[in-house]
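The values are calculated or read from the model by the stated rules, or taken from the named source; none is laboratory data. In this text the structure is predicted, and so the values were computed from the model without any measurement. Don't worry about glycine lacking a Cβ; one is built from the backbone with ideal geometry, like all the others, and counts go over all protein chains shown.
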Amino acid sequence: MTPHSEICSMDAVKLAASIRARALSPVEVIDAMLERMNRVEPHLHAFCTPAPELARAEAKRIEADILAGRDPGLLAGVPIGIKDLIFTRGIRTTAGSVAYRDFVPDQDDIAVERLRAAGAIIIGKTNTSEFGYSATGHNPLFETTRNPWNLAMTPGGSSAGAAAAVACGVGPLALGSDGGGSVRIPASFCALYGIKPSMGRIPLYPGARDERYPGVSGWESLECYGPIARTVAGAALMLSVLAGPDSRDRHSLPGEGIDWLGCVRGDIKGARVAYSADLGYAAVDPAVAQIARDAALVFESELGCHVEEANPGWSDPAAAFAATMIAETDLRGMRAMIVEHGARISSHMVDLLTRPWSAEDFTDANIARKAVANRMARFMTKYDLLLTPTSCVAPFPILMQGPDKIAGLYVRPESFLAFTIIANLTGQPAATVPAGWTKDGLPVGLQIIGRHLDDPMVLRASAAFETARPWAHRWPPLLEWL
């Protein structure tokens, strides 16, 4: 028998290969993951709806397929957490809201369909902020998710539980969603790899845009699903299952025959790389800025790229982002929900949704978004990649929406998302890699933004950096004292 600690330390590629080769059984793997889940959950609160019985039953089914010589799929027996905003047939999906406390979907999201068909085993739903309306891990329904690197700090969000679980080895992969940084922020805060692929690369249906569920519909041109993983190769393996068109999502991209695992091989010598410490307007914690800058310089000193500091030149689009988000929300349905449930809805969400939005707010946002996209398109004709810090700050205390002061400047609580919202506005692929740790032991991420539809370059650059500055061997302190 392989020790449970060794199983929980494997990345998705090694774990899937070991199961297919019969070196590990899916039942053995699930037992190890559930044991780890039971150990960390009292401290972490990553899973709002664990699914141990379903996971064990699925492990037995996959094991029978393997023994019978049937193809178990690319993700054969790999445990995975699914963010609680994403529909899972037969498993409660609450969106972190009392309005959906007992909601059990009768269908899977397309991404979940594909993961199940590839042999992945869902071990539970992972915690999120209510309806994903903040980049944190608290909501009115469940215990607040903690950061395993420091339990007093947030793991980021809104894919909070997804990142916290993977960081502790409760599955090598998790499926998150990213409407403004909700894959990249928690991956950054938990020292993991997270990628928001190009808009439409992974089809979304029905959870993000089904009129029958007003609370979880919206953000159609902003939101993407994406992997949170211990390694770049693990994320690439997951993308090989998730990517590809589906007629139920009119925004889904046609298949391009991308060899997703092949994307992580090869170097990026000669690539033209821009680095921006603040995009010309963001307040950034000096320690975070230094760690990200040092990581960006690795692209020149060790990876053979041509790196220069440059800003694309747009003004802060935060207001435009917020208005775009609301313009794509079922505002009537959400306001009715607020009337029905009152004080049991997150106050920050109530404030945002009940603001007296005007038609000009939405048209101004559309114009501002076009300006950002146009400037980015011109900027990226000169560069293959744009590097920035992933977040303006390191992880901050739980139950905050964000710091109100950064680098000595008073800011709005959501200002720490300044870097991540850009790729949601433009639809470009963007990833975060662990760049380093602060003197207090808190993770800091480096964001890698690629050209329009150039997901392969983002993966290749991520893998090259991972080779130069590996991170998967480092585990959070929580595991040391449990």
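Points to keep in mind about this one:
- When the residues of the range 190-210 are filtered to those that are at pLDDT below 95 and surrounded by fewer than 24 Cβ atoms within 10 Å (Cβ to Cβ), the one that is farthest from Leu239 (Cα to Cα) is Asp210.
- For Arg61, the conditions (1) under 22 Å from Val241 (Cα atoms); (2) crowded, with 19+ Cβ neighbours inside 10 Å; (3) among the charged types (D, E, K, R) are fulfilled apart from (2).
- Residue check for Tyr281: buried (at least 19 other Cβ atoms within 10 Å of the Cβ) and assigned to a loop (DSSP other than H, G, I, E, B): no
- Some residue of the range 11-25 being within 20 Å of the chain's Cα centre (by Cα) and more than 21 Å from Ile110 (Cα to Cα): yes
- Top-ranked residue in the range 426-446 [being polar (S, T, N, Q) and out of contact with any Gly (no Cβ under 9 Å at 6 or more places or on another chain); ranked as nearest to Pro186 (Cα to Cα)]: Thr438
- Filtering the range 216-245 to residues that are assigned to a loop (DSSP other than H, G, I, E, B), under 14 Å from the mean Cα position of the chain (by Cα) and of a type outside the set (D, E, K, R) leaves Leu222, Thr231.
- Restricted to the range 445-482, and to residues there that are among the basic types (Lys, Arg) and out of contact with any Cys (no Cβ under 7 Å at 6 or more places or on another chain), the residue that is surrounded by the fewest Cβ atoms within 10 Å (Cβ to Cβ) is Arg474.
- Condition check for Ser134: within 16 Å of the chain's Cα centre (by Cα) and part of a loop (DSSP other than H, G, I, E, B): yes
- Counted residues, the range 106-128 - those being in a loop (DSSP other than H, G, I, E, B) and touching a Pro at 6+ places or on another chain (Cβ under 8 Å): 4
- Lone qualifier among Gly262, Gly226, Gly215, Gly234 - being at pLDDT below 95 and of a type in the set (Gly, Ala, Ser): Gly215
- Of the residues making up the range 356-406, just one is out of contact with any strand residue (DSSP E or B) (no Cβ under 7 Å at 6 or more places or on another chain), among the aromatic types (Phe, Trp, Tyr) and closer than 30 Å to Pro443 by Cα, namely Phe379.
- Scanning the range 7-54 for residues that are outside any helix (DSSP H, G or I) and among the β-branched types (Val, Ile, Thr) yields a single hit, Thr49.
- The residue pairs whose first member lies in the range 169-187 and is buried (at least 24 other Cβ atoms within 10 Å of the Cβ), whose second member is among the acidic types (Asp, Glu) and not in a strand (DSSP E or B), and whose beta carbons are closer than 6 Å, counting only pairs six or more residues apart or on different chains, are Pro172/Asp11; Ser177/Glu223; Gly179/Glu223.
Residue-wise test of (1) hydrophobic (A, V, I, L, M, F, W, C); (2) closer than 29 Å to Pro172 by Cβ.
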position	(1), (2)
Ser252	no, yes
Leu261	yes, yes
Ala271	yes, yes
Ala282	yes, no
His306	no, no
Ala310	yes, no
Phe321	yes, no
Thr329	no, no
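- Considering residues of the range 372-429 that are aromatic (Phe, Trp, Tyr) and assigned to a helix (DSSP H, G or I) only, the residue farthest from Val307 (Cα to Cα): Phe416
- Pairs, first on the phi > 0 side of the Ramachandran plot in the range 114-131, second assigned to a strand (DSSP E or B), C-beta under 8 Å, six or more apart: Gly124/Phe47; Gly124/Cys48; Gly124/Thr49; Gly124/Pro50; Gly124/Gly81; Gly124/Ile82
- Tally of residues being surrounded by 14 or more Cβ atoms within 10 Å (Cβ to Cβ) and among the charged types (D, E, K, R) across the range 326-368: 6
- The set of residues in the range 140-168 that are of a type outside the set (S, T, N, Q), assigned to a loop (DSSP other than H, G, I, E, B) and under 22 Å from Thr88 (Cα atoms) comprises Pro140, Leu141, Phe142, Glu143, Gly157.
- Listed conditions (1) buried (at least 18 other Cβ atoms within 10 Å of the Cβ); (2) in a helix (DSSP H, G or I) are all met by Gly73, apart from (2).
- Residue count, the range 313-333 (criterion: more than 24 Å from the chain's Cα centre (by Cα) and on the phi < 0 side of the Ramachandran plot): 5
- Filter result for Gly441 (in contact with a Phe, Trp or Tyr (Cβ under 9 Å, 6 or more places away or on another chain) and surrounded by fewer than 21 Cβ atoms within 10 Å (Cβ to Cβ)): yes
- Complete set of residues in the range 291-320 that are assigned to a helix (DSSP H, G or I), under 30 Å from Ala464 (Cβ atoms), of a type in the set (A, V, I, L, M, F, W, C) and in contact (Cβ under 8 Å) with a residue 60 or more places away in the chain: Ile291, Ala292, Ala295, Ala296, Val298, Phe299
- Beta carbons closer than 7 Å, at least 6 apart along the sequence or on distinct chains, pair a first residue in the range 62-90 that is at positive phi with a second that is part of a strand (DSSP E or B) and at pLDDT 95 or above for Gly77/Ile121.
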